[in-house]
Every structure is written in structure tokens, then in C-alpha cells.
């Protein structure tokens with residue numbers, strides 16, 4: 001007989017979701033920094049919307065884990081992407097960031113036990129997979145000649161992990 | 001003419017003149033409920049013996065539906081069936097020659113991806129001890145896919161309608177895997193399902209980026225500064241339409257305009273309990 005999975009996040013889930021919230025806040029701050037330094041190209045409205053999406057994801061996680069939510073960005077992620085989140089590198093760097101987040105959420109799903117946390121992460125993962133495509137287009141990559149840049153996670157992208 | 005072209009042609013003939021306005025699963029359920037209620041009334045008025053007097057309360061014995069749980073195997077078989085719905089659509093559109101150039105090339109890639117996804121979900125079904133499903137989801141096929149393809153075939157611009165249908169179908173496919181995540185018991189299986197689901201979402205996003213390149217990420221529903229907001233009504237296509245994956249019905253407008261200039265709107269919805277591909281239904 002199989003046991004139904006728990007609905008609410010377990011203690012281990014809360015740690016993983018807290019980490020996910022930090023990653024979302026780092027992404028939000030990176031896009032806001034790009035807007036401030038004028039790197040958003042000819043679609044600043046789309047970049048502002050991406051920042052708002054990551055903020056919404058962080059708030060949804062915060063609602064789920066309450067006072068366990070760190071409410072602080074993942075500093076290592078922010079500092080590693082910050083130098084390339086400006087100028088001509090911005091769109092390709094943001095494309096890599098979103099692929100990294102999709103891979104990270106996929107990795108978290110392998111370990112989340114509670115169904116509510118898993119459902120939320122899956123929902124964010126869908127949105128961020130679409131972010132990848134938006135940024136590939138913004139980077140000027142042709143979907144016909146380089147379709148993989150739109151549809152696959154590059155081999156060099158590594159999922160973030162709280163243990164790393 | 002290929003088999004698929006024959007299929008498409010037969011769909012067009014069979015549905016010519018039909019009105020699919022406001023087509024949605026819930027409307028069908030309501031209509032079905034009314035039909036069932038009327039059937040029960042007729043049954044109650046009948047009887048095993050012909051007494052000549054109609055009596056209430058002599059309905060014939062009915063067979064109750066089996067109480068079957070939705071297992072991981074059921075979800076995987078349903079996912080496979082949905083992949084075959086997508087394969088059917090892309091093959092029909094390719095055989096009809098509705099798309100050309102880069103659009104045809106992308107559709108061909110999406111078709112290959114759906115075949116790979118169908119193989120993957122079938123393999124997972126087998127690994128759990130189930131029997132893989134190998135056909136399109138019969139309910140979704142008759143309720144959405146065939147009427148939608150018929151409308152595309154009648155459209156003034158079949159290429160644009162093919163892309164609109166693909167956008168909706170891919171969005172629905174991603175939403176279906178997302179919908180299944182809290183229903184799947186095994187965490188590693190959830191991750192594998194979303195590995196496919198996120199790629200379906202990317203398919204939809206690519207079409208959105210191609211159809212609406214000037215505004216890739218929608219501002220609808222977001223608290224943004226006025227300078228970052230879109231003006232006017234939201235458009236039907238975006239690479240990124242929202243901050244979270246949707247579970248809402250996916251609307252798509254297809255087919256020719258009627259006398260008053262309006263076109264048919266179809267709402268695609270994720271497979272619910274009555275669209276699942278339960279193993280006990282095999283062979284029925």
C-alpha cells in the first residue's frame with residue numbers, strides 16, 4: 001500500500017523553498033539593476049515585467065513558508081551575474097540565468113515531498129521556461145536557425161543547490 | 001491523398017456548417033447532464049412489464065461506474081494520449097501544407113519533440129508496471145482537436161490559425177503537466193513530468209515570440225510603473241503572458257468570420273477526471 005504524499009511543506013521542503021525564494025529575489029534585483037543602468041534594450045517594459053514575475057514568485061513562496069522565508073536575495077547568484085547584466089551581454093546573460101532557474105526548480109522538484117510546494121515550483125518553472133524564450137528573442141537569436149537555444153537547457157547550465 | 005489528409009477532409013465534411021461557438025468542456029458536461037436527466041426520466045417511466053400504466057420508481061438496474069483511483073500510471077497514460085493529440089495536429093497541418101518556411105520548420109521540430117515526449121511517458125508507464133497508451137486522447141480528440149482542425153481548414157488564413165491552435169495546444173500541454181504535479185505521488189516522477197512540461201511551455205513561447213515580437217512579456221496583472229505598462233487590451237500571444245503557469249482554460253479563435261464578422265472561440269481545458277485514460281477502459 002502506498003502512502004499519500006503530504007500536502008503542506010515538510011521541514012526539509014521549507015529549506016528548499018527558502019532557497020528558491022532567495023534565488024527569485026536575486027533574479028528580481030538583477031533585472032531591476034539592468035533597468036536602472038539602461039541595459040533593458042528596446043523592451044524595458046518586458047524587462048520590468050520579468051522583474052515583477054520573479055518578485056511575484058518570491059512572494060508566493062513567502063506566503064507558503066511564512067516566517068521561514070529569508071526575504072533576502074541569494075547573494076552568490078546576484079554577484080555572479082551582475083557584471084554581465086549590462087550592455088550588449090545583458091540578454092544572453094539573462095537567458096542563461098533563466099535556464100539556470102529552470103534547471104534549479106527541476107532539481108528542487110525531485111526532492112520536494114509536499115504537494116503544495118511542488119505545485120508552486122512547477123508553476124514558477126513553466127513561467128521561467130517561457131522567460132528563456134523571451135530572452136533568446138531579445139538576444140536576437142533566430143528560432144529557425146538556433147532552435148535549441150529556445151527549447152533546451154544548455155549542457156553547461158548547472159542547477160543551483162543549497163548544499164553547493 | 002495521405003491517410004491524414006483523408007482524415008482532415010472527412011472532419012471538414014462532417015463538421016461543415018456546424019457551430020462550435022462557446023465550445024467548452026463544462027458546457028458539454030451541462031448538456032450531458034441534461035441528457036442524462038431526461039434519460040433517467042424516460043427510464044423511470046418505463047418498466048419490465050407492460051402494465052399499460054406508466055409508473056415512477058421502476059427504473060431498470062444500473063451498473064455503477066467503478067471507483068478507480070487516479071494513479072501515476074493513469075496520469076502518465078493520459079499525458080501520452082495528449083502527446084498523440086499534438087502529434088495528430090502537427091501531422092495534419094503538415095499534410096495539408098498550411099505552413100511554410102520557418103514556421104513549417106519549427107512545427108516539424110515541435111512534432112519531433114512530441115514524439116520523443118510520447119516515447120518518454122510511455123516508457124515511464126511501462127517502468128511503473130502499466131500498459132502504455134498509444135493513441136490520441138479520444139475525448140479531447142472529439143471535443144477539441146477535430147472541431148478545431150475543421151475550423152483551421154475553413155479559415156481565410158489557415159497558416160495563422162494553425163499557429164494560433166498550436167500556441168493554445170502547447171500552452172495546454174504545459175499546463176497539463178503542471179496540473180499533474182500535485183497529483184503525482186513520487187517526487188522524482190514529478191520532476192520528469194515537468195522536464196517535459198517546461199519544454200511544452202517553451203514551444204508555446206516560441207510561437208508567442210514569433211507572433212508578437214514587439215512585446216515579449218505581458219504587463220497584464222502586474223503592478224508596474226506607467227512607463228512599463230502596455231497600452232490597450234492584452235494581445236492573444238506573448239512569449240511570457242504571466243508570472244505563473246496558468247490553469248485557466250486556454251482560449252483560441254479559429255475559422256472564418258460569420259455574417260456578423262465574429263469568429264469561433266474555443267476554450268481548451270486540461271484533461272479532467274472524465275478525460276483520463278484509465279487502464280480499465282482498454283479494449284472498450
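With Cα atoms defining each centre, the stretch A:92-164 and the stretch B:180-204 are spaced 13 Å apart in the structure. For chain A, the mean residue ellipticity at 222 nm estimated from helices alone is -21000 deg cm²/dmol, where every DSSP H run of n ≥ 4 contributes -39500 (n - 2.57) and the total is divided by all residues, rounded to the nearest 500. Measuring nothing but how far apart in sequence close Cα pairs (under 8 Å, 6+ apart) lie, relative to its length, the stretch B:171-258 scores a relative contact order of 30 percent.
Taking other C-beta atoms within 10 angstrom as a stand-in for reagent exposure, B:273, A:120 fall in the order B:273, A:120, fewest first.
Which of A:55, B:102 comes first, and how do the rest follow, when ranked by fewest Cβ neighbours within 10 Å?
Details: A:55 20, B:102 14.
Ordered by Cβ neighbours within 10 Å, fewest first: B:102, A:55.
Cβ-Cβ distance of residue A:11 and residue B:247, R₀ of 30 Å, FRET efficiency by 1/(1 + (r/R0)^6): the value works out to about 0.60.
When the alpha carbon coordinates of the stretch B:60-160 are projected onto the principal axes, the ranges are 53, 40, 15 Å, largest first. Across chain A, counting alpha-carbon atoms alone, Rg and Dmax equal 16.0, 58 Å.
Between the helical axis of A:44-65 and the longest alpha-carbon principal axis of chain A there is an angle of about 10 degrees. Take each residue of peptide B:262-270, count the partner chain Cβ atoms within 10 Å of its Cβ, and average: the result is 0. Of A:7, A:73, the sequence from fewest to most neighbouring Cβ atoms within 10 angstrom is A:7, A:73.
Our summary of shape: the Cα atoms of the protein assembly as shown have principal axis extents of 88, 55, 41 Å, ordered from largest down, in whole angstrom.
We did not get these values from a lab; they are worked out from the coordinates using the rules stated. No experiment lies behind these values; they were computed from the predicted model shown. Every residue, glycine among them, receives a Cβ derived from its backbone with ideal geometry; neighbour counts consider all protein chains shown.
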